[in-house]
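The values are calculated or read from the model by the stated rules, or taken from the named source; none is laboratory data. From a predicted model like this one, the values you see are computed outputs, not experimental measurements. No Cβ is skipped: glycine too gets one built from the backbone with ideal geometry, and neighbour counts run over all protein chains shown. Areas reflect the complete protein model, heavy atoms only, side chains present, ligands, DNA and RNA absent. Shrake-Rupley method; radii C 1.70, N 1.55, O 1.52, S 1.80 Å.
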Amino acid sequence: MEKKNLDWSNIGFNYRTTDKRYVANYKDGEWGEGELTSDANIVLNECAGILQYCQECFEGLKAYTTADGSVVTFRPDLNAERMMDSAAWLEMPPFPKERFLEAVDQVVRANAAWVPPYGSGATLYLRPYMFASGPVIGVKPSLEYQFRLFGTPVGPYFKGGAKPLTLCVSDFDRAAPHGTGHVKAGLNYAMSLHASVLAHAAGYDENLFPDSATRSYVEETGGANFLFVTKDHEVVTPQSDSILPSITRRSLLYVAEHYLGLKVSQRPVKLSELADFAECGLCGTAAVISPVGKIVDHGKEICFPSGMEKMGEITQKLYDTLTGIQMGTTEAPEGWIRKIM
Ligand code: PLP
Ligand code: COI
């Protein structure tokens, strides 16, 4: 199979239409048989629940070419489970886990020419999503849904790759207590756009969203969880009911403890203790681990000792071990890697 002729190392994090995507419809109380289609467009009724009341959730995972030329995904079972949780929370019928995994495999196989080669730094980003396709005018759940899954080749999420980011503490709320912050609903991202445009215009790479109730604890950014390293090399991640349970973050805590022998803890992290940490990073499927060099809290600059030139020492070790597991150069824990081709 011949690969597409792309400059794989410089593709950025952008959408490109690939050859095939998967689609399945939910009607009359059950999911129909799914299939691959070449059509990247969707025709919807004007009153579809997604268009009126934003009933939608999605996932993000990647397919990797490993050192031995295989193509694999990383813990896709956790994406399937999280999507079932998101769907249940949004009163949508969960898409069954085995069918989700099968759809991932089918889309990757059908777009093999788009899976970036080993060593290019790029991956095939996979976007499963489901939305209310049936008409609703009164505010209530739709009776019809569509699940889709497409792939698009991507490079690093943040321009500059491993260059440390500068964040600002946002004045806006991303997720309410007891709201939707812990599920991957598109509406959470719509909520973050205004804050994100303002932060970019002011020269920041991203927002740090504090907790909405007290504005004194660290929650997450618009698209990644936080990870901190203390001066004595303990890895700390914020605990909150209104942040997304990142699969990357859960995996990194395991790697820190079991591969690197570090102490780890998950606990509420106060904004006032940021200055005590030695390193900071953003973690997620798209972000992998992107180092943070500086956080600006309303004029007060918090500069991490790891600086603005490179990743901190522990962040780098976490990055190397995680990407080694994903690319097949470091042995993976049982069940983390699903081989597709
Ligand atoms: N937090 C938010 C808001 C996200 O959108 C993402 C991306 O999926 C993450 C965290 C990281 O989650 P994961 O590591 O499962 O990709
Ligand atoms: C991901 O990391 O997969 C995300 O969903 C983050 C962002 C692209 C929305």
Taking N45 as the residue in question, decide whether it is more than 16 Å from ligand 1 (Cβ to nearest atom), farther than 28 Å from G138 by Cα, open to solvent by 50 Å² or more (accessible area, probe 1.4 Å) and assigned to a loop (DSSP other than H, G, I, E, B). no
Looking at the stretch 304-319, can you tell me whether even one residue there is in contact (Cβ under 8 Å) with a residue 40 or more places away in the chain, away from ligand 2 (no atom under 16 Å from the Cβ) and in a strand (DSSP E or B)? no
Can you list residue pairs whose Cβ atoms sit under 9 Å apart, with the first residue in the stretch 250-262 being touching a residue at least 60 places away in the same chain (Cβ under 8 Å) and the second being within 12 Å of ligand 1 (Cβ to nearest atom) and part of a loop (DSSP other than H, G, I, E, B)? Count only pairs 6 or more apart in sequence or on different chains. R250/R75; S251/R75; L252/S246
In the set Y125, Y118, the lone residue that is in a strand (DSSP E or B) and either within 16 Å of F74 (Cα to Cα) or out of contact with any strand residue (DSSP E or B) (no Cβ under 9 Å at 6 or more places or on another chain) (or both) is Y125
How many of the residues in the stretch 16-68 are closer than 22 Å to E102 by Cα, within 16 Å of ligand 2 (Cβ to nearest atom) and of a type in the set (K, R)? 1
Going through the stretch 52-66 one residue at a time, which ones are in a strand (DSSP E or B) and of a type in the set (S, T, N, Q)? T65
How many residues, within the stretch 130-143, are in contact (Cβ under 8 Å) with a residue 40 or more places away in the chain and open to solvent by 40 Å² or more (accessible area, probe 1.4 Å)? 5
Search result, residues across the stretch 142-163 that are in a loop (DSSP other than H, G, I, E, B) and either within 19 Å of the chain's Cα centre (by Cα) or among the aromatic types (F, W, Y) (or both): G155, P156, Y157, F158, K159, G160, G161, A162
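Scan the stretch 54-74 and tell me whether some residue there is aromatic (F, W, Y) and surrounded by fewer than 19 Cβ atoms within 10 Å (Cβ to Cβ).
The answer is yes; a qualifying residue exists.
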Residue in the stretch 18-39 that is exposed (fewer than 15 other Cβ atoms within 10 Å of the Cβ), assigned to a loop (DSSP other than H, G, I, E, B) and within 23 Å of the chain's Cα centre (by Cα) present: no
Single match in G179, G161 (criterion: within 16 Å of ligand 2 (Cβ to nearest atom) and either open to solvent by 40 Å² or more (accessible area, probe 1.4 Å) or out of contact with any Leu (no Cβ under 7 Å at 6 or more places or on another chain) (or both)): G161
For the stretch 4-17, does any single residue satisfy the condition of being more than 29 Å from F95 (Cβ to Cβ), of a type outside the set (A, V, I, L, M) and more than 25 Å from the chain's Cα centre (by Cα)? yes
Which residue pairs have Cβ atoms closer than 6 Å, lie 6 or more positions apart in sequence or on different chains, and pair a first residue in the stretch 215-231 that is in the same structural domain as G181 (by TED's automatic domain parsing) with a second residue that is in a loop (DSSP other than H, G, I, E, B) and within 16 Å of ligand 1 (Cβ to nearest atom)? Y217/D211; V218/V269; E219/D211; E219/S240; E219/I243; E220/I243; A224/A287; N225/S246
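Can you tell me which residue within the stretch 205-224, out of those that are away from ligand 1 (no atom under 13 Å from the Cβ) and among the acidic types (D, E), is surrounded by the fewest Cβ atoms within 10 Å (Cβ to Cβ)?
Residue satisfying both the conditions and the ranking: D205.
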Could you tell me whether any residue of the stretch 150-157 is within 12 Å of ligand 1 (Cβ to nearest atom) and open to solvent by 50 Å² or more (accessible area, probe 1.4 Å)? yes
